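These notes concern the structure reproduced below.
Since every read-out is calculated from the coordinates, none of them should be taken as a lab result. Given the structure is predicted, the values throughout are model-derived calculations rather than measurements. Here Cβ is always computed from backbone atoms with ideal geometry, including for glycine, and neighbour counts include all displayed protein chains.
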Amino acid sequence: MIEITSEPIDHVAAVERVRSPRAGAVCSFLGTVRELTGDLKTAYLDYEAYPEMARKKLAELEEQARSRWPIIELAMVHRLGHLDLGEVSVVVAVSCPHRDEAFEACRWLIDTLKEVVPIWKKERRADGTEEWAHPGLTPVKQEGRGHTTCNLPTASDLTDDHDRS
């Protein structure tokens, strides 16, 4: 199950969806909106995406993970839009015959998702500043403007010719 949604994520349903009598292990990861990033207090996050490419990349990650581990069921759901503190932004859940495989697959999926899937978050801080964040992007400080920007990739940067995975 791969989903990109603007609705709250039902993480319990995602985990239940991957449970199977054939699996001895279910591993899940929940990404949530935290209050502090370093010493900076977060007010809320805004997530944006290139949805068509994000779905394609998530499908590629599923295919790669299934080729590496004996995954029985898999769920990856990412939320877009405005998220308040404590809300779930992403869930990854996998079921496998054994726990080591489930842990490894889940860890690889969330780490790789954050690196290659074109989903970006803007951290809105309590002090009024903001910053775009994505693991592949280098922040650029905008002096005197109260915020930081990143050089976001263009649509052509995200095509198969420029595949980052």
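In the stretch 2-126, Cα pairs under 8 Å separated by at least six residues give a relative contact order of 42 percent.
Here the dipole of the stretch 2-126 is about 100 debye; that uses its Cα centre as origin and unit charges on the Cβ of Lys and Arg (positive) and Asp and Glu (negative).
Shown for CYS27, CYS96: other C-beta atoms within 10 Å of each C-beta, ranked fewest to most, produce the order CYS27, CYS96. Sorted fewest first by neighbouring Cβ atoms within 10 angstrom, TRP69, TRP108 come out as TRP108, TRP69. Peptide packing for 16-25, 119-128, 74-83 was compared via the average number of neighbouring C-beta atoms within 10 Å per residue; ordered from the highest value, the list is 74-83, 119-128, 16-25.
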